[in-house]
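Scroll down for the structure; my scribbles are underneath it.
The values are calculated or read from the model by the stated rules, or taken from the named source; none is laboratory data. Predicted model, so just to flag it, every value in this text is computed and none were measured. As a convention, Cβ positions derive from the backbone with ideal geometry for all residues, glycine included, and neighbour counts pool all protein chains shown.
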Amino acid sequence: MKRFFLIAIILCFMGCEQEQSTATSTLTKYIPRKASVIVKTTDLKGLQSAIKNNDLIQAFASTRYQDFLKSTTPLLKDIRSKKETLICYTQIGNNTYDVSIITKATPNVFTPDSTKITQTKLDNTSPSITKIQAAEATFYTLEIEGVFMVSTSQLLLENTLREQEDTAIATDKDFITAYNATSNATASILMKGSEMDDVWTTLYPKTEDHPLRNAFSWSLGDLNISQNDIKVNGVTLSKDSTEQRLLIFKNTKPVANTIDQITPISAQSVTAISYDNWSTYKNNLADLRKIDPLKFEIKSEDLLRTFDEIGSIQLDAGIVIAAHSLDPTLTEEAIASQKEEETIYRQVPIYSFKEKGLFTKTYESIIKTPSVQRYCILDNFYVFAAQQELLETIIANYQNNATLINSEAYKNTKSQLSNASSLLRITNTEKIPYANLVSESDEKVFKKTAITDYPFAALQLIQDTNFMHLNAVINKNENTQKDGAITQIASTKLEKAIASTPQLVKNHRTKGVDVLLQDESNTLHLLSNSGKLLWQKELDGPILGDVQQVDLYRNGRLQLAFVTPKTFYILDRNGNEVKPFPVSFNEVITQPLAVFDYEKNRKYRFIITQGDQLQMFDKEAKIVKGFGFTNTDSEIIYPPTHIQISNKDYIVIAENSGKLHILSRTGKSRIEVKESILFGDTPIFKEKNTFATHDINGGKISINTSGKLTRVQSDNTTNTIVNTFGNTMTSLLENKLIINNKVIELEYGTYTTPEIFKVGKQLFITLTNTETSQVLCFNENGKPIENFPVYGIGPAHFDYLERNKNVGFVTQGDTNSILIYQIN
């Protein structure tokens with residue numbers, strides 16, 4: 001009843017446009033004795049039409065589910081029944097199923113094209129079986145007592161004749177109860193519990209998890225299919241005095257589910273159970289284990305009885321257990337002897353935990369329960385895990401409101417469910433680990449299946465007096481990309497403190513981005529956008545400014561170019577030095593590397609700044625002889641800038657003395673700027689057909705191509721920080737953020753320089769309050785981006801995490817950790 005139960009129910013019947021069943025009471029006795037799955041319909045053509053027109057089902061048309069059901073196609077295409085019809089799947093070998101269709105015998109119920117088939121009467125039975133040989137398949141028909149049957153197996157029909165007076169399924173009380181509960185829905189699906197483990201293995205041959213093994217006796221789901229949604233409502237039955245696992249909920253009542261308040265949106269799945277009475281649950285567990293309830297003991301029972309909901313949350317990096325406390329005071333009293341504070345993460349204490357196998361011994365029959373060693377407390381939730389990093393992921397997403405309860409897409413799914421469940425399963429369809437379920441070739445097909453409009457699949461079982469209600473839904477949500485929730489998808493710790501602002505760099509292999517940063521030992525680290533360390537390289541000093549990306553060989557493969565105070569480096573994708581680099585210098589490099597690509601043809605020029613000295617290099621690490629400007633009268637304060645106006649190239653160099661040089665490609669003066677400028681922190685930039693900057697007071701300075709300088713005074717002080725991108729300008733004065741003249745009052749604090757990032761067509765203006773550890777973000781109109789601020793202690797860098805999709809950003813999370821977020 002755990003992973004993908006809903007997916008299994010739905011996809012078991014998806015790929016064929018020819019499968020459903022309706023049966024009257026006279027039909028059930030002809031169901032093959034070992035049938036695993038029975039589909040009943042009263043509108044065969046309506047069912048086929050619904051399947052054909054459902055977007056999700058058609059999305060899976062090319063997967064192995066189509067193959068699983070391909071034998072149904074030749075059987076159904078010639079059936080013209082308007083009566084109740086049953087489609088039965090019976091295992092005949094390892095991962096092989098035969099199909100039988102049972103319906104009322106009426107004139108023209110079966111109308112194959114006689115010119116394309118061969119019919120042969122087999123005389124070894126009475127009534128006789130007819131063999132149908134068609135181009136695409138061989139199958140068999142039988143008519144008996146007004147019932148028509150067609151099957152892919154002769155043996156199944158022969159067994160039907162021999163066993164019809166004593167068919168186990170037709171006389172099974174739970175089957176009868178389930179069958180009588182079927183409705184006039186699009187179809188009804190009946191599943192035999194004792195056969196479900198084999199069905200699961202057939203669907204998912206690589207799985208090590210068998211959630212349907214010995215779980216129930218019979219399960220019925222009435223299936224309603226629309227163009228956008230698939231919904232299942234029904235019942236699940238278990239036999240008393242058996243070891244069927246769902247009996248653990250017998251005589252309990254479910255409580256309202258709260259697990260979605262703590263489950264990250266980025267989680268693969270969550271499975272939660274609830275009950276209103278611990279003693280009843282414990283007695284049921286004793287019965288399942290064949291132990292006298294009076295002698296049954298569970299360690300730390302005083303702690304467990306304070307929880308009413310237990311959830312197993314599957315993250316990418318592992319499983320956490322979240323338990324909802326009925327009364328935190330009682331829980332604290334019960335757990336006091338177990339805990340010992342270890343550390344603090346984001347102001348949340350994390351404790352060690354002695355009883356590592358507590359949940360495994362108590363809940364392993366229903367949910368995945370790993371050994372736990374640590375826990376933390378978030379409001380009324382006690383969250384347990386084996387590794388601290390898993391708890392940190394839960395804490396981060398909880399604090400950032402990046403949990404299911406805050407997802408509009410999930411709310412759409414939740415609205416189709418009851419508020420309380422004995423067992424609740426939510427699956428993030430984008431995170432289904434096909435590699436753990438099917439073959440490598442099948443995995444590739446599944447990954448190409450477009451189901452992004454169906455973000456969540458949900459299943460719930462609700463205990464009633466003698467049975468469980470079953471609800472399941474997978475519904476289309478066309479606004480999933482507009483959700484806006486911010487999810488922390490990775491948190492990676494380094495051995496040493498981080499010294500540089502983490503930067504996103506393009507990955508020419510994946511077409512996404514990686515994370516580049518340097519630690520205090522000057523080691524450069526490259527991590528994937530999921531936080532995995534790809535490589536590290538020791539450098540001879542700290543990198544000045546941002547790392548530039550170049551394509552030296554003009555083949556689409558990108559290299560990393562940068563300088564330290566002593567050396568000019570160019571590294572390839574794997575962190576190897578690109579020859580003839582690196583280049584070492586005797587004099588100290590004082591400005592970040594400047595990279596010019598005049599014609600956008602990747603014939604790069606690299607400018608090294610050393611105080612008041614300049615050197616220009618080509619991709620062979622040779623000095624460019626045609627560039628004649630080598631030094632200034634005072635120190636150069638920004639990296640030299642290349643600006644193009646009206647198809648003319650200008651190289652702009654600013655001195656500490658206030659002198660501005662505007663040069664040609666060869667280094668000769670192209671525009672004479674006579675006035676001195678009191679430069680601030682804003683490098684020279686292009687604004688329409690002028691050169692622009694902001695002085696130390698935030699005043700606007702514009703220089704036209706004749707060298708005329710225009711000043712616009714500012715009321716700001718010398719503490720003003722200004723940044724620009726295209727027509728967007730930001731400035732920060734104490735607690736006032738100004739975006740295109742709109743003033744935004746921030747709480748008082750210490751802020752990083754506002755940065756502007758363009759991702760696709762969207763602008764992100766971001767800065768970080770380092771006192772409160774909050775990353776803020778606004779659009780170009782000064783409106784806060786939804787779901788910000790989020791946690792971070794340093795500047796954030798935005799880009800697409802994958803090729804033109806999934807906007808995300810990286811920021812520093814601690815002295816030695818980085819956080820990667822995704823904006824959904």
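Would you mind finding the one in A286, A323, A334 that is within 26 Å of I395 (Cα to Cα), touching a helix residue (DSSP H, G or I) at 6+ places or on another chain (Cβ under 6 Å) and either loosely packed, with under 14 Cβ neighbours inside 10 Å or in the same structural domain as L391 (by TED's automatic domain parsing) (or both)?
A334
Mind listing whichever residues of the range 107-144 are in contact (Cβ under 8 Å) with a residue 40 or more places away in the chain and either among the aliphatic types (A, V, I, L, M) or outside any strand (DSSP E or B) (or both)?
Matches in the range 107-144: A134, E136, A137, I144.
Given the conditions (1) crowded, with 18+ Cβ neighbours inside 10 Å; (2) β-branched (V, I, T); (3) free of Cβ contacts under 8 Å to residues at least 12 places away in the same chain, and given that I636 satisfies all but one, which numbered condition is not satisfied?
(3)
Conditions (1) hydrophobic (A, V, I, L, M, F, W, C); (2) within 24 Å of R346 (Cα to Cα), marked per residue:
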{"position": "L517", "(1), (2)": "yes, yes"}
{"position": "E538", "(1), (2)": "no, no"}
{"position": "V547", "(1), (2)": "yes, no"}
{"position": "R557", "(1), (2)": "no, no"}
{"position": "P565", "(1), (2)": "no, no"}
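Among the residues of the range 162-193, what is the count of those that are surrounded by 17 or more Cβ atoms within 10 Å (Cβ to Cβ) and assigned to a helix (DSSP H, G or I)?
Of the residues in that region, 7 qualify.
Here's the yes/no breakdown for (1) in contact (Cβ under 8 Å) with a residue 12 or more places away in the chain; (2) assigned to a loop (DSSP other than H, G, I, E, B); (3) outside the structural domain of A187 (by TED's automatic domain parsing); (4) out of contact with any Gly (no Cβ under 7 Å at 6 or more places or on another chain):
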site: K239; (1), (2), (3), (4): yes, yes, yes, yes
site: E243; (1), (2), (3), (4): yes, yes, yes, yes
site: D260; (1), (2), (3), (4): yes, no, yes, yes
site: D276; (1), (2), (3), (4): yes, yes, yes, yes
site: L294; (1), (2), (3), (4): no, no, yes, yes
site: L303; (1), (2), (3), (4): yes, no, yes, yes
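List the number of the failed condition for A396; all other conditions in (1) within 19 Å of I298 (Cα to Cα); (2) in contact with a strand residue (DSSP E or B) (Cβ under 6 Å, 6 or more places away or on another chain) hold.
(1)
On the given criteria, is L801 of a type in the set (A, V, I, L, M, F, W, C), surrounded by 20 or more Cβ atoms within 10 Å (Cβ to Cβ) and out of contact with any Ser or Thr (no Cβ under 8 Å at 6 or more places or on another chain)?
yes
What pairs can you find where one residue is in the range 365-376 and touching a residue at least 24 places away in the same chain (Cβ under 8 Å) and outside any loop (DSSP other than H, G, I, E, B), the other is surrounded by fewer than 19 Cβ atoms within 10 Å (Cβ to Cβ) and acidic (D, E), and their Cβ atoms are less than 9 Å apart, with a gap of 6+ or different chains?
R374/E342
Kindly list the number of the only condition in (1) free of Cβ contacts under 8 Å to residues at least 60 places away in the same chain; (2) among the β-branched types (V, I, T); (3) under 20 Å from F691 (Cβ atoms) that fails for I645.
With respect to (1) free of Cβ contacts under 8 Å to residues at least 60 places away in the same chain; (2) among the β-branched types (V, I, T); (3) under 20 Å from F691 (Cβ atoms), I645 is out only on (1).
What pairs can you find where one residue is in the range 771-784 and buried (at least 20 other Cβ atoms within 10 Å of the Cβ), the other is small (G, A, S), and their Cβ atoms are less than 6 Å apart, with a gap of 6+ or different chains?
As it stands, the answer is V775/G792; V775/A796, since those pairs meet every condition given.
So which pairs qualify, if the first residue must be in the range 413-432 and among the acidic types (D, E), the second must be outside any strand (DSSP E or B) and surrounded by 17 or more Cβ atoms within 10 Å (Cβ to Cβ), the Cβ gap must be under 7 Å, and the two must be at least 6 apart or on different chains?
Final answer for the pair search is E430/P455.
Residues L424, L417: which one is hydrophobic (A, V, I, L, M, F, W, C), part of a loop (DSSP other than H, G, I, E, B) and either surrounded by fewer than 17 Cβ atoms within 10 Å (Cβ to Cβ) or more than 17 Å from the chain's Cα centre (by Cα) (or both)?
Residue meeting the stated conditions: L417.
Cβ-Cβ distance below 9 Å, separation of 6 or more or different chains: which pairs start in the range 47-72 with a residue that is closer than 22 Å to Y434 by Cβ and modelled with pLDDT of 70 or more and end on one that is assigned to a helix (DSSP H, G or I) and basic (K, R)?
If the second residue must be assigned to a helix (DSSP H, G or I) and basic (K, R), the pairs left are Q58/K52.
Out of (1) assigned to a loop (DSSP other than H, G, I, E, B); (2) touching a strand residue (DSSP E or B) at 6+ places or on another chain (Cβ under 8 Å), the odd one out for V595 is which?
Result: V595 passes all but (1).
Looking at the range 207-227, is at least one residue out of contact with any Leu (no Cβ under 6 Å at 6 or more places or on another chain), among the charged types (D, E, K, R) and under 25 Å from Q416 (Cα atoms)?
Yes, there is a match, as at least one residue in the range 207-227 is out of contact with any Leu (no Cβ under 6 Å at 6 or more places or on another chain), among the charged types (D, E, K, R) and under 25 Å from Q416 (Cα atoms).
With respect to T90, is the statement that it is under 23 Å from R33 (Cα atoms), in a strand (DSSP E or B), over 42 Å from the mean Cα position of the chain (by Cα) and of a type in the set (S, T, N, Q) true?
no
Filter the range 443-461 for residues that are part of a loop (DSSP other than H, G, I, E, B) and crowded, with 20+ Cβ neighbours inside 10 Å; which is modelled with the highest pLDDT?
Within the range 443-461, the match that is modelled with the highest pLDDT is P455.
When the range 338-364 is examined, which residues are found to be of a type in the set (D, E) and in contact (Cβ under 8 Å) with a residue 24 or more places away in the chain?
Result: E342, E355.
If a residue counts only when it is farther than 26 Å from F809 by Cα and out of contact with any Lys or Arg (no Cβ under 7 Å at 6 or more places or on another chain), which strands (runs of 3 or more DSSP E) contained entirely in the range 513-587 have at least 2 such residues?
567-571
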